[in-house]
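None of the figures in this text is laboratory data; all of them are computed from the coordinates on show. Keep in mind that this is a model prediction, so the values were computed, not measured. In this analysis, Cβ positions are derived from the backbone assuming ideal geometry, glycine residues included, and neighbour counts consider all displayed protein chains.
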Amino acid sequence: MIGIFDSGFGGLTILRELRKLLPEYDFLYLGDNARAPYGPRTFETIYKYTLEAVSALFARGCPLVILACNTASARALRSIQQNDLPRIAPQNRVLGIIRPTAEEAGLFSQSGHLGILGTEGTVESGSYLIEIAHFFPQLKVTQQACPLWATLVENGELDGEGARYFVKRDIESLLNKDSEIDAVLLACTHYPLLLPLIKSVIPEKIHIISQGEIVARKTSDYLLRHPEIETRLIRNGKVEFLTTDTPEFFTKGASFFGENGISAKNLTF
Ligand code: DGL
């Protein structure tokens with residue numbers, strides 16, 4: 001199976017696009033809902049939690065794990081790839097979603113000014129600034145941390161007055177830093193759920209980039225280039241879900257993400 005990991009429900013926005021493009025593969029989704037959000041947590045904690053999740057997915061038969069979480073990709077991916085993988089499973093692979101997104105992020109801006117909305121962890125890591133500079137050195141990139149957005153989404157607060165207040169505040173803060181921004185990247189897999197609200201407060205001329213479709217295409221490319229991994233994947237088109245919270249909690253929350261009537265199993269580390 002291809003393992004998909006997120007702090008909670010956000011990775012479902014990536015899984016949806018992966019299943020559209022790669023319907024024949026089996027996926028095992030793990031949401032660490034009991035410990036979400038990751039955004040405000042320290043590097044050490046995010047790394048520890050992510051390593052536990054990756055190890056659990058390896059143990060359940062995933063030779064390839066995608067961190068469908070920007071915060072985990074920013075804080076834990078490099079350490080896991082460099083320090084842990086050679087020790088715990090040298091034949092397996094862990095991929096993040098920042099690099100593949102950065103490879104295309106600059107294509108969406110005409111003005112050469114890109115905005116990034118993400119969690120504190122993602123923004124503080126500076127990972128997007130570093131990665132985007134490799135591919136689009138001329139692009140001016142401005143970041144804004146949105147501390148409460150993932151929590152709003154985890155709790156199904158997608159369109160109330162409270163959600164509107166925080167979404168408006170953080171978007172205004174981003175645009176005040178650079179008024180020439182004409183494309184904004186939603187650099188947290190939870191944020192596509194806030195899209196209707198975001199569109200209602202952001203100027204119409206600004207293009208909004210969601211990552212799911214980009215990550216799906218890049219994963220498909222990766223599988224073509226890596227037959228040694230691809231041939232180890234099962235192709236029955238099945239999807240299973242694991243959560244560190246209760247199965248009932250996951251079933252209810254996943255319905256906001258368009259995954260209706262799914263059943264999840266509990267996983268305790
Ligand atoms: N969905 C995650 C991301 O892409 C993390 C949200 C959180 O747990 O704070 O960054």
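Annotations for the structure displayed:
- Every residue from the stretch 51-75 that is within 13 Å of the chain's Cα centre (by Cα) and within 14 Å of the ligand (Cβ to nearest atom): Ile66, Leu67, Ala68, Cys69, Asn70, Thr71, Ala72, Ser73, Ala74, Arg75
This table checks each residue for (1) charged (D, E, K, R); (2) at positive phi; (3) buried (at least 19 other Cβ atoms within 10 Å of the Cβ); (4) in a loop (DSSP other than H, G, I, E, B).
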| position | (1), (2), (3), (4) |
| --- | --- |
| Ile4 | no, no, yes, no |
| Leu15 | no, no, yes, no |
| Glu24 | yes, no, no, yes |
| Leu28 | no, no, yes, no |
| Tyr38 | no, no, yes, yes |
| Thr45 | no, no, no, no |
| Tyr49 | no, no, yes, no |
| Ser73 | no, no, yes, no |
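- Residue in the stretch 179-211 that is surrounded by the fewest Cβ atoms within 10 Å (Cβ to Cβ), counting only those that are over 20 Å from Arg99 (Cα atoms), within 16 Å of the ligand (Cβ to nearest atom) and not β-branched (Val, Ile, Thr): Leu195
- Selected residue [touching an Asp or Glu at 6+ places or on another chain (Cβ under 9 Å) and under 19 Å from Glu213 (Cα atoms)] from Ile14, Ile66, Ile4: Ile14
Here's the yes/no breakdown for (1) out of contact with any helix residue (DSSP H, G or I) (no Cβ under 6 Å at 6 or more places or on another chain); (2) farther than 23 Å from Leu194 by Cβ; (3) not acidic (Asp, Glu):
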| residue | (1), (2), (3) |
| --- | --- |
| Ala102 | no, no, yes |
| Ser109 | yes, no, yes |
| Gly126 | yes, yes, yes |
| Ile130 | yes, yes, yes |
| Phe136 | no, yes, yes |
| Cys146 | no, no, yes |
| Ala150 | yes, no, yes |
| Gly156 | yes, no, yes |
| Gly162 | yes, no, yes |
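- Set Val123, Val153, Val167: member being within 17 Å of Ile206 (Cβ to Cβ), assigned to a helix (DSSP H, G or I), within 16 Å of the ligand (Cβ to nearest atom) and β-branched (Val, Ile, Thr): Val167
- Scanning the stretch 107-120 for residues that are assigned to a loop (DSSP other than H, G, I, E, B) and either away from the ligand (no atom under 11 Å from the Cβ) or out of contact with any Pro (no Cβ under 8 Å at 6 or more places or on another chain) (or both) yields a total of 4.
- Residue match in the stretch 59-69 (condition: among the hydrophobic types (A, V, I, L, M, F, W, C) and touching a Pro at 6+ places or on another chain (Cβ under 9 Å)): no
- Filtered residue count, the stretch 196-239, keeping only those that are under 18 Å from the mean Cα position of the chain (by Cα) and of a type in the set (Asp, Glu): 1
- Number of the condition not met by Cys188 [criteria: (1) part of a loop (DSSP other than H, G, I, E, B); (2) more than 16 Å from the chain's Cα centre (by Cα)]: (2)
- Just so you know, in the stretch 126-150 the residues that are part of a loop (DSSP other than H, G, I, E, B) and free of Cβ contacts under 8 Å to residues at least 24 places away in the same chain include one that is farthest from the chain's Cα centre (by Cα), and it is Pro137.
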